[in-house]
Each structure stands twice: as C-alpha cells, then as structure tokens.
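A.B. asks: Have a look at this one.
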Amino acid sequence: MGQPDQAEPQTAQASRGSRLLRLVPAAAAALSGVLLYVSFPPRTLWWLALPAFAVFGWVLRGRSWKAAFGLGYLFGLGFLLPLLVWTGVEVGPVPWLALVAIEAVFVGLVGVGVAAVSKLPAWPVWAAALWIAGEAARARAPFGGFPWGKIAFGQADGVFLPLAALGGTPVLGFAVVLCGFGLYEVVRLVQERRRTGELRRTAAAVALLSVAVPVVAAVAARTLVSDKAQDGTATVALIQGNVPRLGLEFNAQRRAVLDYHARETERLAAEVKAGKVARPDFVLWPENSSDIDPFAYADAAVVIDGAAKAIGVPISVGGVVERGGKLYNEQILWDPVKGPTQTYDKRQVQPFGEYLPMRSLIGAINGNWTSMVRQDFSRGSKPGVFDMDGAKIGLATCYEAAFDWAVRDTVTHGAQVISVPSNNATFDRSEMTYQQLAMSRVRAVEHSRTVTVPVTSGVSAIIMPDGRISQKTRMFVADSLVQKVPLRSSETPATKLGILPEIALVFVAAGGLGWAIGAGARARRRTTTN
C-alpha cells in the first residue's frame, strides 16, 4: 500500500485559512465603525475617531466598488446600530433597525467613493470631502434628512472644536476625517519604505500635512472663540419640571407636566424673593412643558399666567397648539402683564415622531405604529427670535439643533443667545440626551453664542460660547438653573459663510470622484489597446 496522501488535508486547511483572511476586512470595517461610535458622547474619547477612519481607509484602499459598498455598509452598521439604539427605546427594534439600515446605505456609497479615490495623489483630501458629501446627503434625505451622527457632533470635547467657528459642522467634520485618513497614509508610506527602501517624498509630505494642517488650523481657530459680552449680560433661568413617570406614558398626563413646571417656577420665585437666587431677566421652559393648548383651554392659561406673575418676568413656554385644524409644536412668549405676545412654530418636525410619512402604507403594515402619531404636526415658516426683556433669544426646538440651517438663521435674524428647548423623556436614560447636548455645545462654538438647553426631564444645561457647560441638571429630577450670561452680536466666519463651506467640500468630492473615474477609464482603454 502507498503512503497516506497528505495533500488533501493541507489543501483544506489552506482553503479555510484563505476564507478566514477574506473575513478580516469585513470584521475590521465593522469594528472600526464601533470604534467611531465609542468616540461619541457621553464618552469623551473624541480622539478615537482618528484611528477609526485610519482603519476604514486601510479597509477600502484599492477595493472594487462592490466590495467597497459592502465594507462601507458594515462600517455604517458598526457605527449607527449602537449610536441610534435609543430610537427603539419605547417603540421596539423595528423602527431602529429600519432607520440604521437606510442610513448605512449612505455610508456604503461613501465607501465606494473612498475606494475609487484611494489611488489618487492626495487621496485623504478627496476621501474626507466624500465623507462630508455623504453627511450632506444624509442631512437632507429621505423625509427631510437625519443629520444625527455627523462627525462634528462627536467632537464637543476635542481639540478640533474651534473649527466649528471657522466653517461649521462640515469643516469640523472634514478636519477630523482628513486627519484619520492622513494617519493611515503615514503608516502605509512608512511600511512601504521598509519594504522597498524608497520614500516617495511628495506623497509623504501630503500625508503629514493631512495630519498636521487640521491640528494647526484648530489651534489657530481658537482666536474665534470668545465668552466676552458684547451687548451686556442677561440673567437667564431654565426650568426643568420633570415628568410623572418615564417613557411615553407621561403624554397621557399633560396637566401634571404643566403643573410641575409651574410649581418649579414658583419655587424659584420664592427663592428669588428670599434673596437666595439672583432675579432672572427671563425664564425658559422646555418643549412640551404645556401639551395642553393654553389658547384653547383656560385652565392651562391660568396656570402659566400664575407662574409668570409669580416670577415677574417673561417665560418662553413649550406648547402644543391647534390652529385652523393644524397642530403645531410651538414656543409661546408669555409676559406676566400682557400674556402671550409672540410665538414660534417648530419648522423641522421629526418624521415618525411628529408626523408620519406614508401613513397608509405604514398603517397597512402595523396599525399600532399609526396610533403613535395620531395627527401630524405642521411646520412653521419663520425663524424664532423672541425679544425677552431686551435680549434677543433664538429658538431651535429639540430636533432642530441637529440641522445647521435651523440654528444659523436664528443668529442671522439677531439672536444674542440661542435656546434649544427639548423633551427627551420618551427616550428614558439613553445616550440620546447626551448626544443632543453635545450638538448644542458645537452650536455654541459655531456661532459664538451662549446656548441654553431647558429639558422636561434633563439633562438641562447652560453652555458658554466656548462650548463649556457651566451648569447642568441631573436626569428625572425637578430643578432650575440661574446664571448671568453674555449677550453677543458678532458673527463668526461659520455664521457668515453658511452653507458655502459644505458646497465647496461637495465640489471637492465631486472633483476627486471625477478624476478617479476618468483615470480608471483611461487605464482600461490602455489595457484594451495593448
């Protein structure tokens, strides 16, 4: 008999090893997405975004478009699945998984673009611009967009934050992504030199600049950040009345929520009268602090009016108001003498939270989902800037803080302080509250304004123009915050430029993609000719 054939087991082992090696890029893509998630609040590990994008760049380099889409999609899932888990806190996993599945498509398409430009000179620049182009698309579609997860919103504690004042969230995000891709390029060129003994100096210079320029620019942009009062100061009070219980059930107890906020305001008024707390110039209540329409129900109006008279200064009240058969998420300026004097209707209403797209189709799939939003909210049409005791207070209600335009136009319409009244009680103690708070910190630096965040159940906070939280509450307690804040009227470059930096980066992305497509076509023609 002959010797046993060893070739077959060895071949099978090699085949298994080959399959495992093919899984490495997929695992690396998903894990680098998780690493990016870990860089976001409530953690302060902002710097983890850099190795996350470095690994993402390594995974995508030289890939086919099909592989790049799959790897980009995995990166998006690794990032967005844990980041957005709060969207399913009360309504179950289906909406959460559907949202992530759709949003990850944008990341997959960005992956295709990054792979296409990965062989170009200065590829980190083109790749970072493509990421921002993907964010720009996500912020606009579908259903008005969903900007949650912009890279800028994970940088509230980072060294790059001052860049928000230079060019807003697009420039801040671009700098972070560029630095991450630049890190990978530096490592790649070092490995190439060890292997070949040669160093491509131009490529090395570009790689080093990709890392150095964002950091230097961020340091230089610190001169744009200032807490100095330009138009005097104002003493602001934030009221956090709390809710009867966690979750959606509090909506069935609207009168209790209103009473809680009135009671906390009256408690603050007693402390002011006793000289324990400085008298505020105005008071800010959160979104949904009066879900009972005070224009339709006299008892609600009496409660609000009593609170305003007790504190003796204007109150911005978050109400749900019906006019002409339409429902509005409205901020109402309530004067202790004149009553309601100004209103602001939320303009960027939340799909599936405040209105239901494709209602008939969704109802056919699951009737319980349509009962969550029985009547759609209508959109307001004008920016909200209240004149409160001589101070101009710009209003961006809750979800609107995620949208660049919704915050910026309050400043261009004269806001000296920005307020983000919110209601996060639906999302329990999830990370949503901290993610949204980080957005407000970025907005403070972006427009060099104090940002106040009154929330029904917390975390309420006062944020200085440099992004620093000067005071904040705990979650699910009744509390108030009182502080003297600077009034500012100057505009940062980001405020003045508006959408232009984002448009410029989209053009850079398009230019890099066009170059890559053209280079690929020429290479194929040469191959065919030869």
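The values are calculated or read from the model by the stated rules, or taken from the named source; none is laboratory data. If you're wondering where the values come from, they're calculated on a predicted model, not measured in any experiment. Backbone-built Cβ (ideal geometry, glycine too); neighbour counts: all protein chains shown. Surface areas here come from the heavy atoms of the whole protein model, side chains and all, with no ligands, DNA or RNA. Shrake-Rupley method; radii C 1.70, N 1.55, O 1.52, S 1.80 Å.
A.B. asks: What does the accessible area per residue of segment 33-105 come to in Å², with a 1.4 Å probe and no ligands, DNA or RNA counted? Could the numbers behind the result be given before it?
C.D. replies: Working: 2890 Å² over 73 residues.
It amounts to 40 Å² per residue over segment 33-105.
A.B. asks: Return one number: the angle in degrees, 0 to 90 and rounded to the nearest 10, between the long axis of the Cα atoms of helix 500-529 and the longest principal axis of the Cα atoms of the chain.
C.D. replies: Rounded to the nearest ten degrees, it is 20.
A.B. asks: Shifting gears a bit: Around residue 323, which amide H atoms from residues at least 5 apart in sequence, or from another chain, sit under 5 Å from its own amide H, with H modelled in the peptide plane?
C.D. replies: Under 5 Å from the amide H of residue 323: 328.
A.B. asks: Angle between the Cα long axis of helix 49-60 and the longest principal axis of the chain, 0 to 90 degrees, nearest 10?
C.D. replies: Its long axis makes an angle of about 40 degrees.
A.B. asks: Give me the extension gain from residue 255 to residue 477: residue separation times 0.36 nm, minus the current Cα-Cα distance, reported in nm with one decimal.
C.D. replies: 78.2 nm
A.B. asks: Can you grab the distance from the C-alpha centre of segment 268-283 to the C-alpha centre of segment 421-438, Å, no decimals?
C.D. replies: Rounded to whole Å, the Cα centres lie 27 Å apart.
A.B. asks: On a 0 to 90 degree scale, rounded to 10, what angle separates helix 7-38 from the longest Cα axis of the chain?
C.D. replies: Helix 7-38 sits at roughly 30 degrees to that axis.
A.B. asks: Right, here's the next one. Using DSSP, restrict attention to beta bridges with both residues in the chain and report what percent are antiparallel, rounded to the nearest 5.
C.D. replies: Numbers: 34 of 49 bridges.
Given both bridge residues lie in the chain, the antiparallel proportion sits at roughly 70 percent.
A.B. asks: Then there is this: Keeping all protein chains in position, work out how much accessible area residue 472 exposes to a 1.4 Å probe, and write it in Å² to the nearest 10.
C.D. replies: 130
A.B. asks: A follow-up question, please. Apply the Karplus parameterisation 6.51 cos²θ - 1.76 cosθ + 1.60, with θ equal to phi minus 60°, to every residue of segment 278-292 and state each ³J(HN,Hα) to the nearest whole Hz, in sequence, with x for glycine and proline.
C.D. replies: Ordered by residue, 3J(HN,Hα) equals 5, 6, x, 7, 7, 10, 10, 9, x, 4, 6, 6, 9, 6, 8 Hz.
A.B. asks: Of 206, 364, 280, which is farthest on the positive side of the dipole of the chain, counting Cα position, with +1 on Lys and Arg Cβ, -1 on Asp and Glu Cβ, and the Cα centre as origin?
C.D. replies: Result: 206.
A.B. asks: Among DSSP beta bridges whose residues both lie in segment 366-499, state the antiparallel percentage, nearest 5.
C.D. replies: The antiparallel fraction comes to roughly 60 percent.
A.B. asks: Which entries in 309/346; 273/484; 119/150; 338/472; 382/496; 150/472 show an alpha-carbon gap greater than 21 Å?
C.D. replies: Working: 309/346 26 Å; 273/484 18 Å; 119/150 26 Å; 338/472 31 Å; 382/496 19 Å; 150/472 24 Å.
Violating the 21 Å limit, Cα to Cα: 309/346; 119/150; 338/472; 150/472.
A.B. asks: Taking amide H atoms as placed 1.01 Å from N in the peptide plane, list the residues 5 or more away in sequence, or in a different chain, whose amide H sits under 5 Å from that of residue 416.
C.D. replies: For residue 416, whose amide H was placed from the backbone, the distant partners under 5 Å are 392, 393, 394.
A.B. asks: Okay, moving on. Where Rh denotes the Kirkwood radius from the mean inverse Cα pair distance, what is Rg over Rh for the chain?
C.D. replies: Details: Rg = 26.2 Å, Rh = 24.8 Å.
Rg/Rh for the chain comes to 1.05.
A.B. asks: Just order 448-455, 256-263, 491-498 by mean Cβ neighbour count inside 10 Å, highest at the front, would you? Could the numbers behind the result be given before it?
C.D. replies: Working: 448-455: 29.0, 256-263: 22.1, 491-498: 18.8.
Taking the mean over residues of other Cβ atoms within 10 Å, the ranking is 448-455, 256-263, 491-498.
A.B. asks: Keeping every protein chain present and rolling a 1.4 Å probe, give me the accessible area per residue for segment 290-357 in Å². Show your work: numbers first, answer last.
C.D. replies: Details: 2510 Å² over 68 residues.
Per-residue value: 37 Å².
A.B. asks: Could you tell me what percent of the accessible area of the chain is made up of carbon and sulfur, with a 1.4 Å probe and every protein chain present? If you can, show how the numbers build up before the last one.
C.D. replies: On the way: 13500 of 22580 Å².
Roughly 60 percent of what the probe reaches on the chain is carbon or sulfur.
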